[in-house]
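Q: My questions all concern the structure below.
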Amino acid sequence: MYALLFGATSPLLPIDTSEFFDSLLQLILKSIYDPLYKSLEKSFNDIFSILNYEISKTSGRIIGGPVAWNQSAYSIIQSIAEDVCIPIAAAFITVIFCWELIHLVQESNSMQNVSQEKIFLVLMKFALCMFVCAYSFKIVMGFYDIGAMAAKQVTGRTSIQFSGVELEDLGLIATPAEYTVGMLMQLAGYKIILFVGKLGIMICSMLIYIRSMFWFVEFLLYASVAPIPYSTWVNKEWGQVGMNYTRKMLAYSFEGFLILLLFTIYGGVMSGLRLGDFTQSMVMILGSGFALAVMMFKTHNISASIFNAH
């Protein structure tokens, strides 16, 4: 009776149970694997969203200039240049004017051979120096406008992104024939790597922000004392002070253009980057991101060397 009831079905019972648990295990692994894969894919495709956002904001600040960056800081620096530094420059102009008169007396044999042309030339130099000092802050901002005009030519080309890159191209299968615990562990490991990569990209974005803020502060700091070096421009002995200052401000003005040009070069490098496996690709992306951040701190030296403003 037992054999009739259970003998025919008992050999099938372990097989059905094994298939059931295998199917259940596959269902559980699939329910974990698929969302994890999609999350990993989305995170990888959006890895440059933070960096692109900061690059876009930095590009807007560079083109907008110090006024768009911080109106209150710009107003304070402008008032210092006009209310504090111009009176100091006036004192320098007075000393230099007296110096010019002394040289004029020495060269003209105690005023015996002074011509009207020489006196007129000294007065013209004095008037021109006062005019330049009075508008020195606006002149420096004009230098910045020239640099911003050059920077506008490279905007729109600074976005960093990959085209047509998917996780399957990096050796990760979207729908495997059989799900295993090892595959889940692999995805989990890649998720950790991607988290570290995103953290590195955030650090790069923070460095870009710090570098741009440091540049604006340094530019405004130099611009605030513009009347003082320009007060020495017309004097032969002191004229190099104003000329060196002009070269320095031109270097600062075109530094923003070099920063945007660096973004453009980096975007082109990333767009043409040939990716291998997932880990190698993340190392290349993160390493290139830190290379961008490091090169941003070298743009000042590059710009200064172009304008001989060392």
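Q: Quick one: what are the phi-derived ³J(HN,Hα) couplings along region 19-24, Karplus 6.51/-1.76/1.60 with θ = phi - 60°, whole Hz, x for glycine and proline?
A: 5, 5, 5, 5, 5, 5
Q: Between their Cα atoms, which of 30/57; 38/152; 198/298; 57/248; 152/248; 57/191 are more than 30 Å away from each other? Please list the in-between numbers first.
A: Details: 30/57 41 Å; 38/152 38 Å; 198/298 24 Å; 57/248 26 Å; 152/248 21 Å; 57/191 28 Å.
Flagged as over cut-off: 30/57; 38/152.
Q: What are the ³J(HN,Hα) couplings of region 121-131, residue after residue, when phi is run through the Karplus curve with 6.51, -1.76, 1.60 and θ = phi - 60°? Round to Hz, x for glycine and proline.
A: In residue order, the calculated couplings are 5, 5, 5, 5, 5, 5, 5, 5, 5, 5, 5 Hz.
Q: Could you calculate the contour length gain from residue 218 to residue 288, that is, 0.36 nm times the residue separation minus the distance between their Cα atoms, to one decimal place in nm?
A: 22.5 nm
Q: While we're on this one: In whole Hz, what ³J(HN,Hα) sequence does region 294-310 give by Karplus (6.51, -1.76, 1.60; θ = phi - 60°), x for Gly and Pro?
A: Taking θ as phi minus 60°, the curve returns 5, 5, 4, 7, 9, 5, 5, 5, 5, 5, 5, 5, 5, 9, 6, 10, 7 Hz for region 294-310.
Q: Tell me, in nm to one decimal, what length is gained between residue 173 and residue 28 on full extension, where the rule is 0.36 nm per residue of separation less the Cα-Cα distance?
A: Working: separation 145, 0.36 × 145 = 52.20 nm, distance 1.74 nm.
The residue 173-residue 28 span can extend by a further 50.5 nm.
Q: Roll a 1.4 Å probe over the protein chains and send me the accessible area per residue for region 175-232 in Å².
A: So region 175-232 comes to 46 Å² accessible per residue, rounded to a whole number.
The values are calculated or read from the model by the stated rules, or taken from the named source; none is laboratory data. Predicted model only: the values in this text are computed from it and were never measured. Heavy atoms of the whole protein, side chains included, go into the accessibility calculation; ligands, DNA and RNA do not. Shrake-Rupley method; radii C 1.70, N 1.55, O 1.52, S 1.80 Å.
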